[in-house]
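Asker: Can you keep this structure in mind? I'll have questions shortly.
What follows draws every value from the coordinates through simple rules; no lab data is involved. Predicted, not measured: the structure shown is a model, and the values here were computed from it. For neighbour counting, all protein chains shown are included, and Cβ atoms are generated from backbone atoms with ideal geometry for every residue, glycine included.
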Amino acid sequence: MLHHLVIKHVRRLFGVAAICAFASALSVSATEAPVVIRDVAYLPASRSEKLDVWLPPASFAGPRPTVLVIHGGGWAVGDKADPRERNFADTLARAGYVVFSINYFLEKTEKLENGRVRILEMPWPQNVADCKTALRFIRKNAATYRVDPARIAVMGGSAGAHLAMLVGVTGNDDNLNRLGDYAGQSNQVSCIVYFYGTADLRRFGHEHFHGATPQETEHNLDIASPRTYITAKTPPLLIVHGANDTTIPVALSRDLAADLKAAGATYDYVEVPGAPHSFDLRQPGADLTGTVLTFLGEHL
Amino acid sequence: MKNRIFLVCIAAFFLTAAAQAEPVGGVKPAAVLLNQSYTDAPGPTGPGDRQALDLYLPEGEGPFPLIVWIHGGGWQLGDRRINFAPIFNRAGFAVASIGYRLTKEGHPFPAQIEDCIAGLAWLKKHAGEHRIDPDRVGLIGHSAGAHLAALMLACGQSGIFSRQLVRADAAVLWSPPVDLALARGRWPATSAFSNPRDPFQTKFFPTGAYDERFAIYASPTTYVGAGLPPMLIVHHERDTLVPIGQTEEFVKLARAAGDDVVFHHDTRDLKNPHAIISAELYDEAIAFFRQKLGAAAK
C-alpha cells in the first residue's frame, strides 16, 4: 500500500482514478495469462542473444503501449527470463502492455585455475548498442506484435536500470544512436522505470567500462553515465530504490532525484524502507505493482 | 583526542612521500627523462601533471632491467619526485617513477591503479628507445605505492583494473596495505582507515563512504593465487598505521599457492615504524632484484 512507502520529491501524487484503473486491470489479469514468444532473434546472425515477447491477453485491443525490459546482473551475468524479469514482464503483460525482455552482450570473463577471474571482453559499448537495436527492432516490427510505436517505455533493475536509463536519456544522442542495427527507426522512449540502478558510473560500476587508456576510461565514464545527459527534457523517470541496499547505495538514487529536480525533469522517487538490493514488484509491504502501473498509465 | 590520534596517523602516512632534494650518493644518472606523459594528452607536461613519469637511466648501452617506483601518500598525497635513482642506476638498473591521479584531487580509486598500469604500458612500449629491457621489470613501492605495486603485479594481466595488460617480473613492497577491508585487514579502530571522516574513506571510495565490496575489490589479498612473480615484502612489527597482521596473512596465502615470497619482518628501533625506508632496505631491494631479474645489461 502506498502509505508504507517513503515517497520523496514526488511531483504528482497518485490519483484515485489511476488506482481504480489499476484495480480493473488486475481483475482482467486474474483470468487471462500472457502469451510468451520465446527466443526471437533481433541481433545479427553471428550473435546468440535473443529476446522474449510477452503479449497481453487478446481482450486488450491493439495497438498496445509497450515496455522494453533490460535484465540486471552487473553487466556480466543475468538473463531475460530471470525471476525478476519474468515478474516485471508477466505483471505488465497482464495489465495490457506488450513486453520485450532482452538478452544482450555481457562481459566475458574466464575463471583461472587459481580461482582468480580474468576479464576477456568488456561489455561496453556493445551492451547499449544491443539495447538500442532492440528498441528499434520493436518499432520496425510494431505491427507484428501489436505495438504502438509512439508509446514505448524502457525498464530494468540494477545494471538493467543503468542501461534502461541510458537508452532513455540518449534518444537524441547521435554518438550512441549510431551503434547497432535498424538505423532509421526512432530512438525515443516515452518514460523510464529505474529499479535501484546507477546513473553515475564513477560512483558505481566503473570497473565494467574500462577503456584502453585512462583517457578512454574517463570518456567512457562520461558517455556511459546517464546523469551526463539529464536535462529538463529527460523522459519521465520512476526511481525505485531499497533503503537498505548494500550493493548500490540508496544515496546514488537520492542524488539522482536531486539532479533531476535541479534540471527541471519529471520524475517520481520511491524509497522502499528496509528493502535490500534486487527485488521485484512483489516487495512485501510495498505496492510496487500499483506504483509502476500508475506511472506507466500517466506517461505511456 | 581521537581526532588527534587520526591526524598523527595520517601525518605518519605521508612522511615518506616527500623524498626529493639532492641525489643520494651524489652520482647523477647518465640520462634523465622528466615529466614524460604516458597518456595521449596533448601539450607539454610539467612536474605537477600527475599522469606522467620520470625515467633515470644508467650509463651504458643497455638494455637495462627496469625498476619502477610507485610513490606513497595514502593515494591522496605525494608525487613522483625521487632522489634515490642513482643508487639503482649504479647497480645497473634503469629507474622509472610513475605519477598517478590522487584521490584528494577528485579521482577515487581505481584511477590510481589505472594510471600506474598505463605508465608501465608506456614504458614497455617505448622500452627500445630508452635502452630498457621490457622483459625484466621490477616494481617497488612504499605504503599506498606498495599497495598499487602489489595490484599491478597480481592483476596487471587480468583486465580487472584496465584494458591494458602489463606484466611485471618481481616486486618489493614496503609497509604495504594489502587488505583494505576493515575486518579482514585487521585495521585497528584507532587507524585513520577506520574513521568515516578520514579522506581514506571519503575520497578513496567512489561513493564517498566505506564500502566493503569495493574495499575487497581494491585489495591485493583478494587476488593472491598461484603464479605471482617473486616478491620481497618488508613490514615493521610495530607499524601502527598498516597492521602487520594483514601482510602476514597475505604472505601465508601466497606461499600456500606456491608463490616465491621473501618476508622481512622488520624489528629495528625506528621512531616511525611505518616509515621504514633506509639505506639497508635499498641494498636489500637491489640484491633481491639482481637475483630475480639479473643485474647487468644483456
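Asker: Within the set of other residues whose C-beta is less than 13 Å from the C-beta of residue A:48, count the net charge using Lys and Arg as +1 and Asp and Glu as -1.
Answerer: Values: positive: A:47, A:50, A:80, A:108; negative: A:39, A:49, A:79, A:130.
Around residue A:48, the charge tally is 0.
Asker: Residue separation times 0.36 nm, minus the C-alpha to C-alpha distance between residue B:33 and residue B:59: what's the value?
Answerer: Gain on extension, residue B:33 to residue B:59, equals 8.0 nm.
Asker: Next up: Net charge within 11 Å of residue B:292 by Cβ-Cβ distance, Lys/Arg positive one each and Asp/Glu negative one each, not counting residue B:292 itself?
Answerer: Net charge around residue B:292: 0.
Asker: Between the helical axis of B:111-125 and the dominant principal axis of chain B, each derived from Cα atoms, what acute angle in degrees is found, rounded to the nearest 10?
Answerer: 10
Asker: Can you sort B:269, B:179, B:198 from fewest to most other Cβ atoms within 10 Å of each residue's own Cβ?
Answerer: Final ranking by Cβ density, sparse to dense: B:269, B:198, B:179.
Asker: Find the relative contact order for chain A and round it to a whole percent, using C-alpha pairs within less than 8 Å whose residues are 6+ positions apart. Walk me through the numbers before you get to the answer.
Answerer: Working: 626 pairs, mean separation 59.6, N = 300.
After rounding, I find 20 percent.
Asker: Show me the three semi-axes of the equivalent ellipsoid for the protein assembly as shown, from the C-alpha gyration tensor (sqrt of 5 times each eigenvalue), largest first, rounded to whole Å.
Answerer: Details: eigenvalues 547, 126, 79 Å².
Square roots of five times the eigenvalues give 52, 25, 20 Å.
Asker: From Cα coordinates alone, what are the radius of gyration and Dmax values for segment B:185-227 in angstrom?
Answerer: 11.8, 38
Asker: Now for a different question. Say the dipole of chain B comes from +1 at the beta carbon of Lys and Arg and -1 at that of Asp and Glu; which of B:207, B:112, B:192 then lies farthest toward its positive end?
Answerer: B:207
Asker: Can you give me the relative contact order of segment B:83-136 as a percent, contacts being Cα pairs under 8 Å and 6 or more apart?
Answerer: Values: 27 pairs, mean separation 12.4, N = 54.
Across segment B:83-136, relative contact order equals 23 percent.
Asker: For a footprinting-style exposure proxy, rank A:186, A:101 by other Cβ within 10 Å, fewest first. Let's see the in-between values first.
Answerer: On the way: A:186 13, A:101 30.
Placing the least packed residue first, the sequence is A:186, A:101.
Asker: Based on Cβ point charges of +1 for Lys and Arg and -1 for Asp and Glu, what charge dipole magnitude is obtained for segment A:62-126 about its Cα centre, in debye rounded to the nearest 20? Before the final figure, lay out the partial values.
Answerer: Details: 9 positive and 8 negative charges, 32 e Å.
Dipole about the Cα centre, nearest 20: 160 debye.
Asker: Now a separate question. Calculate the tail of P(r) for chain B: the fraction of all Cα-Cα distances greater than 30 Å, expressed in %. Could you put the intermediate results ahead of the total?
Answerer: Numbers: 10942 of 44253 pairs.
Taking all Cα-Cα pairs of chain B, the fraction more than 30 Å apart is 25 percent.
Asker: I've got another one for you. Using a ≥ b ≥ c from the Cα gyration tensor of segment B:176-255 (square roots of the eigenvalues), is it rounded, prolate or oblate, where a/c under 1.5 gives rounded and otherwise the larger of a/b and b/c decides, a/b for prolate? Walk me through the intermediate numbers first.
Answerer: Working: a/c = 2.49, a/b = 1.46, b/c = 1.71.
Oblate, because a/c is 1.5 or more while a/b does not exceed b/c.
Asker: How would you rank B:77, A:260, A:43, going from fewest to most other Cβ atoms within 10 Å of each one's own Cβ? Before the final figure, lay out each step's value.
Answerer: Values: B:77 19, A:260 25, A:43 22.
Starting with the residue having the fewest Cβ neighbours, the order is B:77, A:43, A:260.
Asker: To two decimal places, what compactness ratio does segment A:69-155 give when its Cα radius of gyration is scaled by 2.2 N^0.38 Å? Spell out each step's value before the answer.
Answerer: Details: Rg = 15.7 Å, N = 87, 2.2 N^0.38 = 12.0 Å.
Ratio of Cα Rg to 2.2 N^0.38 Å: 1.31.
Asker: Rounded to two decimals, what is Rg over Rh for segment A:141-260 when you use alpha-carbon atoms and the Kirkwood radius?
Answerer: Looking at segment A:141-260, the ratio lands at 0.99.
Asker: Can you compute log10 of I(q)/I(0) for segment B:113-250 with the Debye formula, treating each Cα as one identical point scatterer, at q = 0.14, 0.17, 0.22 Å⁻¹?
Answerer: Here log10 of I(q) over I(0) equals -0.65, -0.92, -1.37.
Asker: What FRET efficiency do you get for residue A:58 and residue B:209 if R0 is 60 Å and r is their Cβ-Cβ distance, rounded to the nearest 0.05?
Answerer: Working: r = 51 Å, r/R0 = 0.85.
Step by step, r from the Cβ atoms, then E = 0.70.
Asker: Restrict the search to segment A:64-156; then list the GluC sites (Glu not before Pro) that DSSP places in a loop and that have at most 13 other Cβ atoms within 10 Å of their Cβ. Write down the numbers at each step before the final one.
Answerer: Values: sites: A:85, A:107, A:110, A:113, A:121; in loops: A:107, A:113.
For GluC sites (Glu not before Pro) across segment A:64-156 that sit outside H, G, I, E and B with at most 13 neighbouring Cβ atoms in 10 Å, the list reads A:113.
Asker: So how tilted is helix B:2-15 from the main axis of chain B? Cα-based, degrees 0 to 90, rounded to 10.
Answerer: Roughly 10 degrees, rounded to the nearest 10.
Asker: To continue, here is another question. If I model a spin label at residue A:35 and residue B:260 as a point 7 Å from the Cα along the Cα→Cβ vector, what separation in nanometres do I get?
Answerer: That separation, rounded to one decimal, is 6.8 nm.
Asker: Would you please classify the overall shape of segment B:116-188 from the alpha carbon gyration tensor, given that a ≥ b ≥ c denote the square roots of the eigenvalues, rounded means a/c under 1.5, and beyond that prolate means a/b larger than b/c while oblate covers the rest?
Answerer: Details: a/c = 3.18, a/b = 1.98, b/c = 1.60.
Prolate is the answer for segment B:116-188, as a/c is 1.5 or above and a/b outweighs b/c.
Asker: Same structure, new question: Among B:273, A:119, A:284, which residue has its Cα furthest toward the positive end of the charge dipole of the protein assembly as shown, with +1 on Lys/Arg Cβ and -1 on Asp/Glu Cβ?
Answerer: Result: A:284, furthest along the dipole toward the positive end.
Asker: Can you give the relative contact order of chain B as a percent, counting alpha carbon pairs under 8 Å and 6+ residues apart?
Answerer: Numbers: 655 pairs, mean separation 55.5, N = 298.
RCO, chain B: 19 percent.
Asker: Oh, and also: Calculate how steeply helix B:244-256 sits against the longest principal axis of the alpha-carbon atoms of chain B, using the helix alpha-carbon long axis, and give the answer as 0 to 90 degrees to the nearest 10.
Answerer: Between the helix axis and the principal axis of chain B, the angle is about 60 degrees.
Asker: Counting Lys +1, Arg +1, Asp -1, Glu -1, what net charge surrounds residue A:59 among other residues with beta carbon under 12 Å of its beta carbon?
Answerer: Surrounding charge for residue A:59 is +1.
Asker: Please pull out the direction-averaged projected area of chain A, using the convex hull of its alpha-carbon atoms, in nm² to one decimal place. Can you show the working numbers first?
Answerer: On the way: hull surface 63.1 nm².
Projected area, direction-averaged: 15.8 nm².
Asker: Quick one: which of A:111/B:104; A:111/B:124; A:132/B:104; A:50/A:233 span more than 29 angstrom between C-alpha atoms?
Answerer: On the way: A:111/B:104 35 Å; A:111/B:124 27 Å; A:132/B:104 37 Å; A:50/A:233 32 Å.
Violating the 29 Å limit, Cα to Cα: A:111/B:104; A:132/B:104; A:50/A:233.
Asker: Using +1 on the beta carbon of Lys and Arg, -1 on that of Asp and Glu, and nothing else charged, what's the dipole of chain B about the Cα centre, debye to 20?
Answerer: Numbers: 28 positive and 29 negative charges, 74 e Å.
About 360 debye.
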